[in-house]
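Engineer: Supplied in structure tokens, the structure appears directly below.
The values are calculated or read from the model by the stated rules, or taken from the named source; none is laboratory data. Being a predicted model, the structure only gives us computed values, none of them experimental. Cβ sites come from the backbone with ideal geometry, for glycine too, and all protein chains shown count toward neighbours.
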Amino acid sequence: MIGGLLAQASDWVTPTIDWHAIAPELVLIVGINIVLASDLLVDESRKWATASLTGFVLLGAAIPLVTLAVTGDGPRSLFDGRYVIDDFSLILKALFLLTAYVVVLLSQNELEEGGYHQGEYYVLLLCSVLGMVMMTSSRDLVSVFIALELLSIPAYMLAAWRKRDGRSNEAGVKYYLLGVFASGVLLYGMSLLYGSTGTTLLVDIGAALADESVVALEVIAVAFVVAGFGFKVSAVPFHTWAPDTYEGAPLPVTAFLSVASKAAGFVALILVIFLAFPTVDAVYGPLVWVLAALTMTVGNVIALRQTNIVRMLAYSSVSQGGFILMPLAFVGTGDVAEAAMKAVVVYLLVYAFTNLGAFAVVIAVARTTHSGKISSFAGLISWAPGQAVLMTIFLASLAGIPPLGGWIAKFNVFRAVLDAGTTAAYVLAVIGAVNTAIAAAYYLRVMRTMWMDPPPEGAPADVATPPPVMAALAITAVGTVVLGVLPGLVMGFADLQDLTGAFGS
């Protein structure tokens, strides 16, 4: 009898975990505790060290990504397929870690000079990044939702980090209230999916939806899930939080939200479309089509009227989300799945470098002008030529002007849409082309202000840019230029087969 019990107990032993596969997450978890402990133990005069420590944690988490990519053992599956490490997850984990590292560089001086709590800031930043890293490997509704909340809750607090600033408090409250509402909508849609399919595993949901005709309950579930993720990517009409939050939050946090948080929302949307909804493209396709068209158009039209550079970039970020949504509307059409996947990943990579660079210039200039008005950039080429040239590069990339990174991103998006070969695809491509021209109008207006308008009275002789911000500018500028001049490099990074293979199966 005892032998039988021992035999049964041996079956209860936890299966072997691939520690190498989850090493980036483990490094971040350990790093969060180290940064938190250092904030408690380090003297107030040396709190600046928490920024350097956070940077080392992010770099340390990137090392296992390199070793995982080099080994090339194929997808690694954990917890019954609910957590997967593949090419798709590795490249996006690297994107989130690099974005967070640049944000740390942008945050260091602002936190030191503003007298803000530095330790808590970096702990929350690392917690949010941990949620993003987990999102890339999540293949289950429960893990997707947990990762989404783990990245969102710290972001709510970071948006309101300037506690003595009414606009920052307003930004945090709006982001929190609308975020909670969106989470409720998303969770309701997920619960309907679970109720109709009997599983939370994404691939099993996809199989269940493929084996039967879609009923009204499942249509509602798909619509609610897409709407919930629509908030996270600030798609119209779920974008109302973005402009006020971006303007009121500290500029480094705004840069973080506009790139990393948006990218994480797109990662989640990609996962459910490719793995859970591959056979219900007739349901999500038209919905994503409408979201893409509205997001591009509304974002660009409102951006034309902005006089504040941060609000302009906020609406620009909204419109850029519309371009990323375009190929996702046709994933189930013909053989577009792989091209759509590549287009979205390439766009996210290029957009991260470009948008972070634009915000880095705004941070550098605002330190001197203490203004966010577009007019404060007047004659920038005469009193801060380096920042003027860099801002021109970033804005030109956002407009899709060759040979910068933005052109290859937009080229892939339009090619994926046109490959669908349907009337709806051609109409959306035309809408996208018109919106590209509209976007170029307000980007070129800022360039004209920097290059042609006379500098204001008492313009400074130069902009004093701190070394960390200069490093951030260098990283983003090199990324923006290299990804445009060497498009094969970014196309190679996005040559992903794992998720598209799962779709095809």
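Engineer: Please verify whether the stretch 100-112 includes one or more residues that are surrounded by fewer than 17 Cβ atoms within 10 Å (Cβ to Cβ) and of a type outside the set (Lys, Arg).
Structural biologist: Step one: filter the stretch 100-112 for residues surrounded by fewer than 17 Cβ atoms within 10 Å (Cβ to Cβ), giving 112.
From what is left, the residues that are of a type outside the set (Lys, Arg) are 112.
Looking through the stretch 100-112, at least one residue is surrounded by fewer than 17 Cβ atoms within 10 Å (Cβ to Cβ) and of a type outside the set (Lys, Arg).
Engineer: What pairs come up if the first residue lies in the stretch 371-397 and is free of Cβ contacts under 8 Å to residues at least 60 places away in the same chain and in a helix (DSSP H, G or I), the second is among the small types (Gly, Ala, Ser) and surrounded by 18 or more Cβ atoms within 10 Å (Cβ to Cβ), and their beta carbons are under 8 Å apart, counting only those six or more places apart or on different chains?
Structural biologist: MET391/ALA358; LEU395/ALA358; ALA396/GLY406
Engineer: Something else now. Kindly establish whether GLY386 is under 25 Å from the mean Cα position of the chain (by Cα) and farther than 22 Å from ARG305 by Cα. Spell out the reasoning first.
Structural biologist: Working: under 25 Å from the mean Cα position of the chain (by Cα): no; farther than 22 Å from ARG305 by Cα: yes.
So GLY386 does not fit the description; no.
Engineer: Something else: Would you mind finding the one in VAL123, VAL144, VAL185, VAL173 that is β-branched (Val, Ile, Thr), over 30 Å from ALA216 (Cβ atoms), in a helix (DSSP H, G or I) and touching a residue at least 40 places away in the same chain (Cβ under 8 Å)?
Structural biologist: None of the other options fit; the residue is VAL123.
Engineer: A further question on this structure: Of the residues that make up the stretch 127-134, is at least one closer than 16 Å to ALA255 by Cβ, modelled with pLDDT of 90 or more, of a type outside the set (Gly, Ala, Ser) and in contact with a Cys (Cβ under 8 Å, 6 or more places away or on another chain)?
Structural biologist: No, the stretch 127-134 contains no residue that is closer than 16 Å to ALA255 by Cβ, modelled with pLDDT of 90 or more, of a type outside the set (Gly, Ala, Ser) and in contact with a Cys (Cβ under 8 Å, 6 or more places away or on another chain).
Engineer: Filter the stretch 242-279 for residues that are under 29 Å from VAL336 (Cβ atoms) and among the charged types (D, E, K, R) and give the result.
Structural biologist: Residue satisfying the conditions is LYS262 alone.
Engineer: On to the next question. Criterion first (surrounded by 18 or more Cβ atoms within 10 Å (Cβ to Cβ) and touching a helix residue (DSSP H, G or I) at 6+ places or on another chain (Cβ under 8 Å)) does VAL42 satisfy it?
Structural biologist: Numbers: surrounded by 18 or more Cβ atoms within 10 Å (Cβ to Cβ): no; touching a helix residue (DSSP H, G or I) at 6+ places or on another chain (Cβ under 8 Å): yes.
So VAL42 fails the test.
Engineer: When the stretch 155-170 is examined, which residues are found to be more than 28 Å from LEU192 (Cβ to Cβ), assigned to a helix (DSSP H, G or I) and not charged (D, E, K, R)?
Structural biologist: MET157, LEU158, ALA159, GLY166, SER168, ASN169
Engineer: Filter the stretch 51-86 down to the residues that are of a type in the set (Ser, Thr, Tyr) and out of contact with any Leu (no Cβ under 9 Å at 6 or more places or on another chain), then identify the one that is surrounded by the most Cβ atoms within 10 Å (Cβ to Cβ).
Structural biologist: If we filter the stretch 51-86 for residues that are of a type in the set (Ser, Thr, Tyr), which is where we start, we get 52, 54, 67, 71, 77, 83.
Checking which are out of contact with any Leu (no Cβ under 9 Å at 6 or more places or on another chain) leaves us with 52, 67, 71, 77, 83.
Working: SER52: 12, THR67: 10, THR71: 10, SER77: 16, TYR83: 20.
Only one residue tops the list, namely TYR83.
Engineer: Hey, another quick one. From (1) out of contact with any Pro (no Cβ under 7 Å at 6 or more places or on another chain); (2) surrounded by 15 or more Cβ atoms within 10 Å (Cβ to Cβ); (3) not in a loop (DSSP other than H, G, I, E, B), pick out the condition that doesn't hold for PRO455.
Structural biologist: (3)
Engineer: Restricting to the stretch 197-218, what's the tally of residues that are in contact with a helix residue (DSSP H, G or I) (Cβ under 8 Å, 6 or more places away or on another chain), surrounded by fewer than 18 Cβ atoms within 10 Å (Cβ to Cβ) and assigned to a helix (DSSP H, G or I)?
Structural biologist: 2
Engineer: Quickly run through the stretch 64-91 and pick out the residues that are in contact (Cβ under 8 Å) with a residue 24 or more places away in the chain, among the hydrophobic types (A, V, I, L, M, F, W, C) and part of a helix (DSSP H, G or I).
Structural biologist: Listed by number, the residues that qualify are LEU65, LEU68, PHE88, LEU90, ILE91.
Engineer: Does any residue of the stretch 80-101 turn out to be of a type in the set (S, T, N, Q), at pLDDT below 90 and farther than 27 Å from VAL123 by Cα? It would help to see each step written out before you state the result.
Structural biologist: The initial filter retains those residues of the stretch 80-101 that are of a type in the set (S, T, N, Q), namely 89, 99.
Checking the rest, the ones that are also at pLDDT below 90 come to 89.
Now restrict to residues that are farther than 27 Å from VAL123 by Cα: none.
The answer is no, given that none of the residues of the stretch 80-101 is of a type in the set (S, T, N, Q), at pLDDT below 90 and farther than 27 Å from VAL123 by Cα.
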